[in-house]
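Data block below; observations after.
The values are calculated or read from the model by the stated rules, or taken from the named source; none is laboratory data. Because the structure is predicted, anything quoted here is derived from the model rather than measured. Virtual Cβ from ideal backbone geometry, glycine too; neighbours counted across all protein chains shown. Keep in mind that these areas ignore ligands, DNA and RNA; they rest on the heavy atoms of the full protein, side chains included. Shrake-Rupley method; radii C 1.70, N 1.55, O 1.52, S 1.80 Å.
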Amino acid sequence: MTDGGTGSALFAEDPDTAAQLIAGEVDNLLAKVAQAASVTIRTHRPVHTVHVFGRLPFVQLADGSTMIELGRGERFNVVGSPSPCGAAN
């Protein structure tokens, strides 16, 4: 199994061995590829405030951005609220 030279080189003498090798490759592809990932949202005018809906932990950073800690397969929504007229960022 290769993809432009970036995959694994496998050899099987029989179909049973080929199935085992392919199953091993699929397991590797489905393995976790990230740990302790987060998303940082930086707002610009006219957005002033960020609201995070979902059960993910988040924190407001000193620069005003919002960092959301990602877990495993969670979904979340982010809504930005506009600044009041004349308000600074």
Every residue from region 55-70 that is open to solvent by 50 Å² or more (accessible area, probe 1.4 Å) and not aliphatic (A, V, I, L, M): Arg55, Pro57, Phe58, Gln60, Asp63, Glu69
Odd one out for Asp63, checked against (1) in a loop (DSSP other than H, G, I, E, B); (2) at pLDDT below 80; (3) not hydrophobic (A, V, I, L, M, F, W, C): (2)
Restricting to region 24-37, give me the number of residues that are surrounded by 10 or more Cβ atoms within 10 Å (Cβ to Cβ) and either among the acidic types (Asp, Glu) or at pLDDT 85 or above (or both). 1
